[in-house]
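Remarks on the structure that follows.
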Amino acid sequence: MNYFEPFNSYIDLEKMKLSPEGELIIRKLNDMAEMYQNQEAVKESLKENPVIYKFYNVQIPEESGHLQHCISIVYPGKIGNEYYMTKGHFHKIKDTSEIYLTLKGRGKLVMQMPDQKSKVVEMKEGSISYIPPYWAHRTINIGDEPLIFFSVYRGDAGHNYGIIEKKGMAVIIVEEEGKPTIKKNPAY
Ligand code: F6R
Ligand code: ZN
């Protein structure tokens, strides 16, 4: 039996910091520039190269008996009319699920099956979103404050970004007439 010491982490929602910090990953616009539709707007925004989101990974062994867990923070903003979002991924072990608990802000969680079937659910304070096995997932901040959520998934699930990096997702979330709107991705 592997011994592993129980412990706590603490998220400060005002300072948006996890302690202990674990592994902090910061993604700026240049890490995902090709993922946005409006490349003119990308070019303009790259002058500032804003942080789009960051996430704190609690350090857990990548083994099936453990549960990985993270705090993600997607900043508010848009590139053209497309809201700031995460890159999105499938899990390497495809039949693993995940739970997102929204702690602050407003968002949309876009999910997609390998056959391209899509589903979008709302994220708001207190929402518990279930991402079933096989579904890719991307988070979009549609509000004007940071979107903060807690995620839990199987210890060895891993991440596969490749397909979404190459093809994007079948639907995108854009602002139209001041409202977040789900659109078919014209580039998909
Ligand atoms: C883990 C998970 C989240 C994301 C995080 C960043 O499986 O779904 O913790 O990893 O929100 O998004 P990505 O990984 O798509 O850059
Ligand atoms: Zn995931």
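Derivation of every value follows stated rules applied to the coordinates shown; laboratory data play no part. Keep in mind that this is a model prediction, so the values were computed, not measured. Note: ideal-geometry Cβ built from the backbone for every residue, glycine included; neighbour counts use all protein chains shown.
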Low-density loop positions, chymotrypsin sites (Phe, Trp or Tyr not before Pro), segment 1-98 - DSSP coil, at most 12 other Cβ in 10 Å: Tyr3, Phe4, Phe7
Length added when fully stretched, Ile26-Glu175, from 0.36 nm per residue minus Cα-Cα: 51.2 nm
HN-Hα J in Hz across segment 113-119 - Karplus 6.51, -1.76, 1.60, θ = phi - 60°, x for Gly and Pro: 7, x, 7, 5, 4, 10, 8
Neighbour cut-off at most 14 other Cβ (10 Å), DSSP loop, GluC sites (Glu not before Pro), segment 95-137: Glu125
Normalised alpha carbon radius of gyration of the chain [divisor 2.2 N^0.38 Å]: 1.02
Theoretical FRET efficiency, 1/(1+(r/R0)^6), r = Cβ-Cβ of Asn81 and Leu46, R0 25 Å, to 0.05: 0.90
Unit Cα scatterers, Debye sum, segment 130-188: log10 I(q)/I(0) for q = 0.13, 0.18 Å⁻¹: -0.48, -0.88
Under Karplus coefficients 6.51, -1.76 and 1.60, residue-wise ³J(HN,Hα) of segment 88-97 in Hz, glycine/proline x: x, 7, 9, 8, 4, 8, 5, 8, 10, 10
Listed residues Lys54, Lys87, Lys17, most fluctuating in the chain (Gaussian network, C-alpha, under 10 Å): Lys17
Sparsely packed trypsin sites (Lys or Arg not before Pro) within segment 133-175, loop by DSSP, other Cβ within 10 Å at most 16: none
Dimensions in Å of segment 1-77 - Rg and Dmax from alpha carbons: 16.7, 56
